[in-house]
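K.L.:
Take this structure first; my questions come after.
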Amino acid sequence: MRIILADQHAQPLWALKTILEEQPEFDLIGEAVDAPGLLRLAEEQPADLILVDNELLGDTIEDLIARLHALAPIPVIIVMSSEFDCSRMALKAGADAFVSKGDRPDWLLEKLQKYAGQVKLKEDANTNKSS
């Protein structure tokens, strides 16, 4: 599964990158530190999953999710935040899931593996629409 990470803070970005690079089923294809960089990367490097910080600079999370879905409908978008009350807003805006930055790494990996199946379902649905 091809993944893009986006977080404006160096430490969470590094930690997530380290965790993902240890997993053979995940291919980290890029990282961004702001919304314009994420949008550019998502356009240039199609991803299966985008793991994005709720407070990414340059756009509101609602606008960012809408713009990501407009670029490519396939990626699963998971929003991360240290504030759990952001979850409802992110999900309402079109995120596929929400994870807390305080969650254990093994729990995050389980969630990402679960969404690998959802990526396949989205790909199949889009293939059927274009047929």
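K.L.:
Going through the stretch 77-131 one residue at a time, which ones are farther than 16 Å from Asn54 by Cβ, modelled with pLDDT under 85 and not in a helix (DSSP H, G or I)?
P.N.:
Ser131
K.L.:
Which residue, of Glu31, Glu55, is surrounded by 13 or more Cβ atoms within 10 Å (Cβ to Cβ), of a type in the set (Asp, Glu), closer than 23 Å to Gly102 by Cα and modelled with pLDDT of 90 or more? Walk me through it before giving the result.
P.N.:
Working: Glu55 fails: modelled with pLDDT of 90 or more.
Answer to the check: Glu31.
K.L.:
Answer yes or no: is there a residue in the stretch 79-92 that is among the polar types (S, T, N, Q), surrounded by fewer than 20 Cβ atoms within 10 Å (Cβ to Cβ) and touching a strand residue (DSSP E or B) at 6+ places or on another chain (Cβ under 6 Å).
P.N.:
Within the stretch 79-92, the subset among the polar types (S, T, N, Q) is 81-82, 87.
Imposing the further condition that a residue be surrounded by fewer than 20 Cβ atoms within 10 Å (Cβ to Cβ) reduces the set to 82, 87.
Among the residues that remain, those that are also touching a strand residue (DSSP E or B) at 6+ places or on another chain (Cβ under 6 Å) are: 87.
Yes, that holds for at least one residue.
K.L.:
Taking the condition of being under 20 Å from Tyr115 (Cα atoms) and part of a strand (DSSP E or B), how many residues in the stretch 3-61 meet it?
P.N.:
The qualifying residues number 14.
K.L.:
Tally up the residues in the stretch 61-79 that are touching a helix residue (DSSP H, G or I) at 6+ places or on another chain (Cβ under 9 Å) and either on the phi > 0 side of the Ramachandran plot or not aliphatic (A, V, I, L, M) (or both), please.
P.N.:
Applying the first criterion (touching a helix residue (DSSP H, G or I) at 6+ places or on another chain (Cβ under 9 Å)) to the stretch 61-79 yields 61-65, 67-68, 71-79.
Checking which are either on the phi > 0 side of the Ramachandran plot or not aliphatic (A, V, I, L, M) (or both) leaves us with 62-63, 67, 73, 75.
The total comes to 5.
The values are calculated or read from the model by the stated rules, or taken from the named source; none is laboratory data. Note that the structure is a prediction, hence the values are computed from the model and not measured. Positions of Cβ are backbone-derived with ideal geometry, glycine not excepted, and every protein chain shown enters the neighbour counts.
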